[in-house]
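To keep things clear, I will list the structure first and then write my remarks on it.
The values are calculated or read from the model by the stated rules, or taken from the named source; none is laboratory data. Owing to the predicted nature of the structure, the values given are computational and were not obtained by experimental measurement. In this analysis, Cβ positions are derived from the backbone assuming ideal geometry, glycine residues included, and neighbour counts consider all displayed protein chains. To get the accessible areas, we keep the full protein, side chains included, count just its heavy atoms, and leave off ligands, DNA and RNA. Shrake-Rupley method; radii C 1.70, N 1.55, O 1.52, S 1.80 Å.
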Amino acid sequence: MMITNRESFLATISQRLGRNAIPAEKLERKWQYSPQYEVLKDTTQDELVEILMEQCKNIHTDIAVISSEHFSETLRATIEKYGSGSIMQWADERLQTLHVSETIEQLDNTTLHTWNPAIHQDNITIVEQANIGITYSDLTLAESGTVVLLSAAHKGRTVSFLPTNSIIVIPKSTIVPRLTQAAQFLREQDHTPSCINFITGPSNSADIEMNLVVGVHGPVRVTYIVIEDI
């Protein structure tokens, strides 16, 4: 695409701003106060886990804090609690490392599907009928109980919200205080993801007479599985 009259346009803006020339580089803003960096500033990782656990009560989300050796049994128990059935997972090597597929294949009354970029729209047909979706948190905000999911070709965004129930794996090391750290994290990424999802527990609405209704659509129920040693 050809851009025309850019220099004259920018020159007009610079003149209106009292500048004699168009700046060659972006000027870094230096704020006198930055209170957002002070919130939970000196909180330890263990304290962040405690804050996250407390916030999960407010957002109606179940949470399990375990070591990796107990992951399979915790995953199995959560799947059975949600009624097993059709399950869709990300095609994520981090889930493979945790042997998610092997654990599910040992269960009765389950059908496992893995997101497959090669079948395109058929993924949506499968995932919208799934009972459980399994994803992996890239970053977790303790203050709000929010997980940050970065979509990619093998990590479809619909896996987190179309199934009736959602299981999200959270490495303890990904837990940060709040949105401030999420913004820093995203700025540091080499490539901008196709979609950045901020998921805070199950779906809910309070826009009608301010009465909170949880489970308005998918996911109706959410479990966070925090793994302490990864």
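Inclusion of Phe185 among residues that are part of a helix (DSSP H, G or I), open to solvent by 30 Å² or more (accessible area, probe 1.4 Å) and either in contact with a strand residue (DSSP E or B) (Cβ under 8 Å, 6 or more places away or on another chain) or of a type in the set (Lys, Arg) (or both) is warranted. Could you look through region 99-137, keep only residues that are of a type in the set (A, V, I, L, M) and surrounded by fewer than 17 Cβ atoms within 10 Å (Cβ to Cβ), and pick out the one that is nearest to Glu80 (Cα to Cα)? Looking at the filtered set, the residue picked out is Leu107. Within the bounds of region 192-215, is there any residue that is surrounded by 12 or more Cβ atoms within 10 Å (Cβ to Cβ), of a type outside the set (Ser, Thr, Tyr) and without any contact (Cβ under 8 Å) to a residue 24 or more places away in the chain? Looking through region 192-215, at least one residue is surrounded by 12 or more Cβ atoms within 10 Å (Cβ to Cβ), of a type outside the set (Ser, Thr, Tyr) and without any contact (Cβ under 8 Å) to a residue 24 or more places away in the chain. Of everything in region 63-98 that is closer than 17 Å to Val148 by Cα and out of contact with any His (no Cβ under 8 Å at 6 or more places or on another chain), the residue that is most open to solvent (accessible area, probe 1.4 Å) is Arg94.
Condition first: more than 17 Å from Thr174 (Cα to Cα) and more than 24 Å from the chain's Cα centre (by Cα). Can you find one or more residues in region 35-50 that meet it? Yes, region 35-50 contains at least one residue that is more than 17 Å from Thr174 (Cα to Cα) and more than 24 Å from the chain's Cα centre (by Cα).
Within region 145-165, is even one residue aromatic (Phe, Trp, Tyr), within 15 Å of Phe198 (Cβ to Cβ) and either open to solvent by less than 10 Å² (accessible area, probe 1.4 Å) or in a helix (DSSP H, G or I) (or both)? No, because not a single residue in region 145-165 is aromatic (Phe, Trp, Tyr), within 15 Å of Phe198 (Cβ to Cβ) and either open to solvent by less than 10 Å² (accessible area, probe 1.4 Å) or in a helix (DSSP H, G or I) (or both). Scan (1) open to solvent by 100 Å² or more (accessible area, probe 1.4 Å); (2) under 20 Å from the mean Cα position of the chain (by Cα) for the single condition Gln55 breaks and write down its number. Every condition holds for Gln55 apart from (1). Residue check: is Pro202 farther than 20 Å from Ala91 by Cβ, in a loop (DSSP other than H, G, I, E, B), touching a strand residue (DSSP E or B) at 6+ places or on another chain (Cβ under 7 Å) and at pLDDT below 95? The answer is yes for Pro202. Of the residues making up region 1-26, those that are assigned to a loop (DSSP other than H, G, I, E, B), surrounded by 10 or more Cβ atoms within 10 Å (Cβ to Cβ) and of a type outside the set (Lys, Arg) are Ile22, Pro23.
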